[in-house]
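The values are calculated or read from the model by the stated rules, or taken from the named source; none is laboratory data. Quick caveat: nothing in here was measured; it's all calculated off a predicted structure. Neighbour counts are summed over all protein chains in view; Cβ atoms, including those assigned to glycine, are modelled from backbone coordinates with ideal geometry. Protein only, heavy atoms only, side chains kept; ligands, DNA and RNA dropped before computing areas. Shrake-Rupley method; radii C 1.70, N 1.55, O 1.52, S 1.80 Å.
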Amino acid sequence: MTSFQAPRGTTDILPDDQRDRLAVQRVCANLAEKFGYAPILTPTFEDSDLFLRTTGESTDIVQKETYTFDDRGGHSLTLRPEGTPGVCRAYLERGLHNTPQPVRLYYIMPMYRFERPQAGRFREFWQFGVEALGDSDPAIDAEVIELAWRVLESFGMTDVTLLVNSIGDAESRPAYLDALRDYFAPHADSLSPDDQRRLRENTLRVLDSKDEEVQPLLPDAPKSIDYLSDESKEHWNSLLQSLDALGIRYEIDHTLVRGLDYYTRTVFEFVPPDARRQSTILAGGRYDGLIEELGGQPTPGIGFAMGIERVVAEAKKRGTLTSPDRRTTVLVAHIGDAAKASGLRLASELRRAGIAAVLGPPRGLRSQLRYATSIDATHAVIIGDDEIANDTVVLRDLSQGEQSEMSRGSLLELLG
RNA sequence: GUGAGCGUGGCCAAGUUGGUUAAGGCGCCAGGUUGUGGCCCUGGAGAUCGAGGGUUCGAAUCCCUUCGCUCACCCCA
């Protein structure tokens, strides 16, 4: 056992796993591009205040899950626990708000949360996410949800459930929160300390509670959609119509509120059939006040984030990961010093001709060929004194088990 | 932050009423054709039993602490 281990909640992603992940990422990127989203990458850490102002001081994520530290200059920095704040900060800082609107962006980046590791939950994990900024039309809500759906669909996850809700806008929110507080007030004493705190500080979250004292109260609790402003109501109805038109099935969940402070109007979540609320694989919503909160002009936005690890696990379970066809790979085996030097040059030539080539390890021929098998090489080129003397090489097809001697020129021609 | 289970070579893993050199399999390296793979055969390297401390003549096997892993809660992607 070595004395160093990867930090808790982190892991090394070994080749087989990384190939699966890259396959998933490719699908995400391709679909995002197809929907007109452009790639963006933001810093791994940001000014700590960015997350306080956006994600929200009262959220669990900011309250107890951030990696926050002072750098050597005394500035408080935080490893991003989610992608949206950084993307919105970049949108403002880099002048994307002065480019044609809406701006459609997508990212694939690691996130950091100091949580107790568990199935599908890590301290460092990757998210694929999209943000559509500068458009409040419900059609773009539908577009974002459709993109999410297409991604999951392409991994065969058509049995996931889409939950949607509208939690209203800045105008309608206060009245709704009052209604919620009034509704729960008579029961406040019987609620858990956690829920009592939620009721005071983050009222919406009470709807999210799994506490058995709260559960029976939820069905009759005031519904946010009954308190929507006319504008938000119209937005909500229009979104549902669009989803219907796109043939995307959904369930309206009046208790869906999401864990981040910045959400307004549309919120949605995709959950697997078995675990339901337990293991969300993709979730998002609209955040029309976020850009303004960061000092920009009032700018609507909507997006989602998807857990790469969770999707990889699901896709693996279903066997829906597509592995690219195996490319021609050549192992250049050599016998003797002269042949080794010659092989070194040949491997280089092959690569420049676009063929993957690996020089055999400094061992006997038998061992080099065994190695060729172990790295899934499709061919072996064998060079020894005879070949050098004749200025030829032996090309062995490892799947057929046949080989023949030829000039280097015809080798390149044959493989290229 | 709470609860439960677990931690033996790279991987899987036997071994627990404490007692000589800690099984086996996979993988790895070598040899079996002084230049030939995938199967097979033979041999070899590799762990002091997560770490630290304690009990004991003696511990992988008992006790304490600690780190980590897994699962659940909380929360989230």
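Okay, residues lined up against (1) under 16 Å from the mean Cα position of the chain (by Cα); (2) free of Cβ contacts under 8 Å to residues at least 12 places away in the same chain; (3) more than 23 Å from A:His254 (Cα to Cα); (4) outside the structural domain of A:Lys233 (by TED's automatic domain parsing):
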site	(1), (2), (3), (4)
A:Leu105	yes, no, yes, no
A:Met109	yes, no, yes, no
A:Tyr112	yes, no, yes, no
A:Gln118	no, yes, yes, no
A:Gly129	yes, no, yes, no
A:Ala139	no, no, no, no
A:Arg150	yes, no, yes, no
A:Gly156	no, no, yes, no
A:Asn165	no, no, no, no
- Need at least 2 residues that are away from RNA strand B (no atom under 16 Å from the Cβ) and either modelled with pLDDT under 90 or surrounded by fewer than 18 Cβ atoms within 10 Å (Cβ to Cβ) (or both) per element, so show me which helices (runs of 4 or more DSSP H) inside the range A:298-382 make the cut, counting only ones lying wholly within it. A:337-352
- Query: Can you tell which of A:Glu292, A:Glu349 is under 24 Å from A:Leu412 (Cβ atoms) and either among the acidic types (Asp, Glu) or assigned by TED's automatic domain parsing to the domain that holds A:Ile108 (or both)?
  - Reply: A:Glu349
- Query: Among the residues of the range A:148-206, how many are surrounded by fewer than 16 Cβ atoms within 10 Å (Cβ to Cβ) and among the hydrophobic types (A, V, I, L, M, F, W, C)?
  - Reply: 4
- Query: In the range A:389-411, how many are touching a helix residue (DSSP H, G or I) at 6+ places or on another chain (Cβ under 6 Å) and surrounded by fewer than 18 Cβ atoms within 10 Å (Cβ to Cβ)?
  - Reply: 0
- Query: Looking only at the range A:13-23, which residues are closer than 25 Å to A:Phe114 by Cβ and away from RNA strand B (no atom under 11 Å from the Cβ)?
  - Reply: A:Ile13, A:Asp17, A:Gln18, A:Arg21
- Considering the range A:113-152 alone, what residues qualify as being of a type in the set (Gly, Ala, Ser) and at pLDDT 95 or above? A:Gly129, A:Ala132, A:Gly134, A:Ser136, A:Ala139, A:Ala142, A:Ala148
- Note on the structure: Flagged in the range A:44-60 as surrounded by fewer than 19 Cβ atoms within 10 Å (Cβ to Cβ), within 12 Å of RNA strand B (Cβ to nearest atom) and within 18 Å of A:Phe125 (Cα to Cα), in numbering order, are A:Asp60
- Message: Name the single residue that is surrounded by the most Cβ atoms within 10 Å (Cβ to Cβ) among those in the range A:91-133 being more than 8 Å from RNA strand B (Cβ to nearest atom) and among the acidic types (Asp, Glu).
- Response: A:Glu131
- Message: Condition first: among the charged types (D, E, K, R) and either modelled with pLDDT of 95 or more or within 8 Å of RNA strand B (Cβ to nearest atom) (or both). Now tell me which residues in the range A:271-287 satisfy that.
- Response: A:Arg277, A:Arg286
- Note on the structure: All-but-one check, A:Gln63 against (1) farther than 23 Å from A:Ala6 by Cβ; (2) loosely packed, with under 15 Cβ neighbours inside 10 Å; (3) away from RNA strand B (no atom under 12 Å from the Cβ), failing number (3)
- Task: Residue by residue through the range A:207-222, note down the ones that are surrounded by fewer than 17 Cβ atoms within 10 Å (Cβ to Cβ) and assigned to a loop (DSSP other than H, G, I, E, B).
- Result: A:Lys210, A:Asp211, A:Glu212, A:Glu213, A:Ala221
- Item | Residue that is nearest to A:Gly86 (Cα to Cα), among those in the range A:223-262 that are open to solvent by less than 30 Å² (accessible area, probe 1.4 Å) and aromatic (Phe, Trp, Tyr) | A:Tyr262
- Matching residues, the range A:223-255, being touching a residue at least 12 places away in the same chain (Cβ under 8 Å) and assigned to a loop (DSSP other than H, G, I, E, B): A:Lys223, A:Leu228, A:Ser229, A:Ile248, A:Arg249, A:Tyr250, A:Asp253, A:His254, A:Thr255
